[in-house]
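Below: one structure, written as structure tokens.
Derivation of every value follows stated rules applied to the coordinates shown; laboratory data play no part. Values in this document were obtained by computation on a predicted structure and should not be read as measured data. A quick note on method: Cβ atoms are made from the backbone with ideal geometry, for glycine too, and the neighbour counts reach across all protein chains shown.
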Amino acid sequence: MNWNVYVTRLIPQPGIDLLKKHCKTVDINPDDRVLTRAELLRNVKGRDAVLCLLTDRIDDEVFAAAGPQCRIFANYAVGFNNVDVEAAKRRKVRVSNTPGVLTDATADMAWALLFAASRRIVESDKFMRTGRWAGWGPMQFLGQDITGRTLGVIGVGRIGANFALKSAGFRMKVLYSDMASSLELESKLGARKVPLDELLRESDFISVHVPLMPETTHLISRKQFEMMKPTAVLINTSRGPVVDEKALVEALRAGRIAAAGLDVYEEEPKAAPGLLELDNVVACPHTASATIETRTKMALMAAENLIAALEGREPPNAVA
Ligand code: DGY
């Protein structure tokens, strides 16, 4: 109960309230921005636990700055590529994430991007708002049919599988690529597991749902864009570096693919030069999990993990 906890940025209040119920001191970064490295190192010092975000690089230097009394870094995200898990293990600091609660919101966002990019929604909206519409036209804003087309899902973990299952209403042919087979997708959708190259060649819509690891960095690069149909639409709600963003800009500019819907970027908050000038890109600021309900659940889950570690219990969502 004497615990002293640091939260690296304001999260929804129910998570803060839960922390305050169990901990004597809960200090929160007062500014709505990412802490600088120096601020992060200074603020974690002497804490019993830290609730951190995907925008904080948590590595050995941070664990050392926190000190040996620090029991857990509870990450407010399902992805934990921002945390050096091996260093945490060496230092015997626990690390947790927030799986499951953001699956629907993220899969929904992938669909929102797929629709927006394929039906040119953002481009049309801009056209309307700038007063350029002079009346209905048979050749205006022609996009892509969605119903009955081929959907390629790269990575069918929780989010990828959920995204694929949501295609049922659109009677799509579903291809997926993953190390493991998904009996659920095969039985419910008649989905077919195929090698990545085949998925890239055959799909009309390609949605990426893999975690960021050395093996998935630039999984989609120039060679992969060359395999795609010129009408293909690429969706990325996973992590930016999974797609080579410069190669994506080239592919979109050259008409090698039709469009992209993106929620994540290689060097957030920046986007590759030229990307945001392209009309065939729909870009969101890493908001796939940004619903009130989901972000509240993430806050509670991160707080529960943190409290469990402080109480000497196994954090329900430990990754180290
Ligand atoms: C995550 O949780 O990893 C998302 O990118 C943000 O919610």
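Here are some notes:
- Counted charge near Lys188, where neighbours are those whose Cβ lies closer than 15 Å (Asp, Glu -1; Lys, Arg +1): +3
- Only alpha carbons enter this Debye calculation for region 103-283, each as an equal point scatterer, and the log10 of I(q)/I(0) it gives at q = 0.08, 0.12, 0.16, 0.18 Å⁻¹ is -0.24, -0.53, -0.93, -1.17.
- Protection proxy ranking of 16-28, 258-270, by the mean of other Cβ atoms within 10 Å over each peptide's residues and highest first, is 258-270, 16-28.
- Relative compactness, region 196-237, computed as alpha-carbon Rg over 2.2 N^0.38 Å: 1.12
- 3J(HN,Hα) along region 266-271: 5, 10, 4, x, 8, 10 Hz, from the Karplus curve 6.51 cos²θ - 1.76 cosθ + 1.60 with θ = phi - 60°, whole Hz, x for Gly and Pro.
- Part-to-part distance (alpha-carbon centres) for region 240-301 and region 32-68, which is given in Å: 27
- Computed over region 9-160, the P(r) curve from all C-alpha pair distances, binned at 10 Å from the origin, holds 9, 28, 23, 17, 14, 7, 2 percent per bin.
- With the convex hull of its Cα atoms as the shape, the chain has an orientation-averaged projected area of 17.9 nm².
- Sorted ascending by nearby beta carbons within 10 Å, beginning with the fewest, Arg57, Arg171 become Arg171, Arg57.
- Length gained when the stretch Asn4-Asp60 is fully extended (0.36 nm per residue, less Cα-Cα span): 18.1 nm
- Normalising the average separation of contacting C-alpha pairs (under 8 angstrom, six or more residues apart) by the number of residues puts the relative contact order of region 103-283 at 21 percent.
- Reachable lysines, given that their alpha-carbon falls under 26 Å from the alpha-carbon of Lys92 and they are not under 8 places away in the same chain: Lys20, Lys21, Lys24, Lys45
- The residues packed around Thr294, meaning those with a beta-carbon under 14 Å from its beta-carbon, carry a net charge of -1 if Lys and Arg are +1 and Asp and Glu are -1.
- Sequence-separation-based contact order of the chain, relative, with Cα cut under 8 Å and 6+ spacing, percent: 20
- Residue-count net charge about Glu123 - beta-carbon cut-off 14 Å; Lys, Arg +1, Asp, Glu -1: +2
- Dipole magnitude for the chain: about 280 debye, using +1 per Lys or Arg Cβ and -1 per Asp or Glu Cβ, origin at the Cα centre.
- Packing rank of 107-115, 213-221, 280-288, where each peptide gets the mean count of other beta carbons within 10 Å, highest leading: 107-115, 280-288, 213-221
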